[in-house]
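J.: Please read through the structure below; I'll follow up with questions.
The values are calculated or read from the model by the stated rules, or taken from the named source; none is laboratory data. Just so you know, these numbers come straight off a predicted model, no measurement behind them. Cβ: placed from backbone, ideal geometry, glycine included. Neighbour counts: every protein chain shown.
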Amino acid sequence: NIQRLLDKNYLVTIFYLYDEPEKCFIYTKKREIITKRKVPYDIFVKSNLDSYETVVKLKTKFKDDIILNFIDKRNDIAILYKNIDANKLKKEIGVNFDNQ
């Protein structure tokens, strides 16, 4: 519970890592061979959408009380955006989730 941590003066930091969903699903399929844990495509898509929405909701609710760091791994490079707000995250990748 984030509020409980904040009430105890903990520093709450979220690292949100994003890569192209197609690449992530390929990785998921490769991992399936090793772990024997199948993740159906529809569950994969829902999980990605839910993660994005959860991070946006948390940052919107707690604002400057929590830190959101966003790691963008598109284009085979990693760009770190430190301590961003929900609008910055929406600007960077929101279009990928708006139609889902």
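J.: Can you say whether Lys88 is over 13 Å from Glu20 (Cα atoms), over 12 Å from the mean Cα position of the chain (by Cα) and surrounded by fewer than 14 Cβ atoms within 10 Å (Cβ to Cβ), as far as the supplied structure shows? Walk me through it before giving the result.
T.: Working: over 13 Å from Glu20 (Cα atoms): yes; over 12 Å from the mean Cα position of the chain (by Cα): yes; surrounded by fewer than 14 Cβ atoms within 10 Å (Cβ to Cβ): no.
No, not satisfied.
J.: Answer yes if at least one residue in the stretch 73-95 is in contact (Cβ under 8 Å) with a residue 40 or more places away in the chain, of a type in the set (Lys, Arg) and either more than 22 Å from Asn1 (Cβ to Cβ) or touching a His at 6+ places or on another chain (Cβ under 9 Å) (or both), and no otherwise.
T.: yes
J.: Among the listed residues Val39, Val12, Val56, Val45, which satisfies the condition of being touching a Pro at 6+ places or on another chain (Cβ under 9 Å) and surrounded by 11 or more Cβ atoms within 10 Å (Cβ to Cβ)?
T.: Step by step, each of Val39, Val12, Val56, Val45 is checked, and only Val45 is touching a Pro at 6+ places or on another chain (Cβ under 9 Å) and surrounded by 11 or more Cβ atoms within 10 Å (Cβ to Cβ).
J.: So, in the stretch 21-36, how many residues would count as being surrounded by 14 or more Cβ atoms within 10 Å (Cβ to Cβ) and either free of Cβ contacts under 8 Å to residues at least 60 places away in the same chain or not in a helix (DSSP H, G or I) (or both)? Full working, then the answer.
T.: Just the residues of the stretch 21-36 that are surrounded by 14 or more Cβ atoms within 10 Å (Cβ to Cβ), to begin with: 21, 24-25, 28.
The next check asks that each one be either free of Cβ contacts under 8 Å to residues at least 60 places away in the same chain or not in a helix (DSSP H, G or I) (or both); those that pass are 24-25, 28.
Matching residues across the stretch 21-36 total 3.
J.: Next up: Restricting attention to the stretch 7-20, and to residues there that are of a type outside the set (Asp, Glu) and either part of a helix (DSSP H, G or I) or within 16 Å of the chain's Cα centre (by Cα) (or both), which single residue is farthest from Asp76 (Cα to Cα)?
T.: Of everything passing the filter in the stretch 7-20, Val12 is farthest from Asp76 (Cα to Cα).
J.: Does Val45 satisfy the condition of being assigned to a helix (DSSP H, G or I), among the aliphatic types (A, V, I, L, M) and under 21 Å from Lys82 (Cα atoms)?
T.: For Val45, the condition - assigned to a helix (DSSP H, G or I), among the aliphatic types (A, V, I, L, M) and under 21 Å from Lys82 (Cα atoms) - is not met.
J.: Kindly indicate whether any position in the stretch 51-62 is in contact with a Lys or Arg (Cβ under 8 Å, 6 or more places away or on another chain) and either at pLDDT below 95 or among the hydrophobic types (A, V, I, L, M, F, W, C) (or both). Outline the logic, then answer.
T.: Taking the stretch 51-62 and keeping what is in contact with a Lys or Arg (Cβ under 8 Å, 6 or more places away or on another chain), we get 56.
Those left that are additionally either at pLDDT below 95 or among the hydrophobic types (A, V, I, L, M, F, W, C) (or both): 56.
The answer is yes, given that some residue of the stretch 51-62 is in contact with a Lys or Arg (Cβ under 8 Å, 6 or more places away or on another chain) and either at pLDDT below 95 or among the hydrophobic types (A, V, I, L, M, F, W, C) (or both).
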